[in-house]
Amino acid sequence: MARTEKKQFAVIGMGRFGLSVANALSGMGFDVLAIDANEQRIQAVSNIVTHAVSADSTDEEALRALGIRNFDVVVVAIGQDIQASILTTLILKDLGGPLIVVKAQNELHGKVLNKIGADKVIYPERDMGLRVAHHLTSPNILDYIELSDEYSIAEMRATSAMLGQNLKELDVRAKFGCNVMAIKRGTKMNISPTADDRLAEGDILIIVGQKNDLTKLELAYSESSPVRMK
């Protein structure tokens with residue numbers, strides 16, 4: 001029989017990132033179990049999440065007793081203790097069951113986590129740094145997400161230089177090697193734009209390309225940049 005109940009999440013580590021994730025998931029109406037070895041952190045989060053438990057995540061028996069394998073997703077958000085992060089991930093993988101999402105401190109940490117079986121590795125500090133940097137260099141960049149070492153996706157507000165032009169006239173593929181994957185207009189998302197689609201004020205373009213090509217496009221259409229398309 002298919003499960004109909006809402007997903008259950010466990011978040012291990014109630015530092016700034018873990019607390020933020022737990023708070024967001026709880027706000028979306030999901031059941032959240034918060035785990036941290038620090039009793040004070042657990043008390044601080046107890047009125048936000050469904051359950052809050054003080055436990056050592058590197059203790060296999062403690063995690064087993066919490067029924068951790070019955071959760072849909074476990075987020076390992078342990079802060080500076082890389083050894084505890086790795087050991088916790090190993091234990092979770094050995095117990096089986098949930099999808100394991102782990103916060104990495106750096107690239108080497110991330111490589112180890114991938115090798116030991118983490119389902120998804122995230123780099124919140126690095127990713128936020130990238131988003132801030134791209135927004136500072138081009139205020140029209142609303143979001144920036146790395147897909148791989150080479151490719152990224154940028155969410156870009158249509159600039160004044162783009163307004164009134166269609167995608168064929170812009171021709172970002174020939175000029176920059178990038179592809180417009182979608183255009184968001186208000187609450188509607190056009191996920192298969194054609195060459196004849198013209199851009200209007202407020203439109204948001206979802207663009208994919210190699211990182212260097214995206215940077216060239218951003219700078220070329222930056223409202224504050226001296227570089228302009230002819």
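The values are calculated or read from the model by the stated rules, or taken from the named source; none is laboratory data. Just so you know, these numbers come straight off a predicted model, no measurement behind them. Note that we place each Cβ from the backbone using ideal geometry, even for glycine, and neighbour counts take in every protein chain shown. The accessibility values were calculated without ligands, DNA or RNA, using every heavy atom of the protein model including side chains. Shrake-Rupley method; radii C 1.70, N 1.55, O 1.52, S 1.80 Å.
Observations, loosely collected:
- Evaluation of VAL21 against (1) open to solvent by less than 80 Å² (accessible area, probe 1.4 Å); (2) assigned to a loop (DSSP other than H, G, I, E, B) (one fails), failing number: (2)
- Test: ALA62 is of a type in the set (A, V, I, L, M, F, W, C), open to solvent by 60 Å² or more (accessible area, probe 1.4 Å) and in a helix (DSSP H, G or I): no
- Residues located in the range 163-182, provided they are in contact (Cβ under 8 Å) with a residue 12 or more places away in the chain and open to solvent by 70 Å² or more (accessible area, probe 1.4 Å): LYS168, LYS175, MET181
- Residue check for LYS120: without any contact (Cβ under 8 Å) to a residue 40 or more places away in the chain, open to solvent by 40 Å² or more (accessible area, probe 1.4 Å) and under 29 Å from GLY18 (Cα atoms): yes
- Helices (runs of 4 or more DSSP H) fully within the range 137-230 counting 2 or more residues that are touching a Ser or Thr at 6+ places or on another chain (Cβ under 9 Å) and of a type outside the set (A, V, I, L, M): 211-220
- Subset of the range 125-162 (residues that are in contact (Cβ under 8 Å) with a residue 40 or more places away in the chain and among the hydrophobic types (A, V, I, L, M, F, W, C)): ILE141, LEU142, LEU147, ILE153, ALA154, MET156, ALA158, ALA161, MET162
- Pair list, Cβ < 7 Å and 6+ apart or interchain, from the range 45-74 residues that are farther than 15 Å from LYS93 by Cβ to residues that are among the small types (Gly, Ala, Ser) and open to solvent by 70 Å² or more (accessible area, probe 1.4 Å): SER54/ALA37; ALA55/ALA37; ASP56/ALA37
- Filter result for VAL112 (surrounded by 15 or more Cβ atoms within 10 Å (Cβ to Cβ), assigned to a helix (DSSP H, G or I) and under 21 Å from the mean Cα position of the chain (by Cα)): yes
- Residue in the range 40-47 that is within 30 Å of GLY129 (Cβ to Cβ), among the polar types (S, T, N, Q) and not in a loop (DSSP other than H, G, I, E, B) present: yes
- The range 186-213, residues that are under 14 Å from ILE153 (Cα atoms) and not aliphatic (A, V, I, L, M): GLY209, GLN210, LYS211, ASN212, ASP213
- Some residue of the range 83-99 being at pLDDT below 95 and crowded, with 19+ Cβ neighbours inside 10 Å: yes
- Every residue from the range 120-136 that is out of contact with any helix residue (DSSP H, G or I) (no Cβ under 9 Å at 6 or more places or on another chain), within 29 Å of GLY96 (Cα to Cα) and not in a strand (DSSP E or B): ASP127
- Residue selected from the range 69-82 under the condition in contact with a helix residue (DSSP H, G or I) (Cβ under 7 Å, 6 or more places away or on another chain) and either in a loop (DSSP other than H, G, I, E, B) or open to solvent by less than 50 Å² (accessible area, probe 1.4 Å) (or both), by the criterion farthest from PHE30 (Cα to Cα): ILE78
- Looking across the range 27-59 at every residue that is under 23 Å from ALA104 (Cα atoms) and of a type in the set (Ser, Thr, Tyr), the one that is surrounded by the most Cβ atoms within 10 Å (Cβ to Cβ) is identified as SER57.
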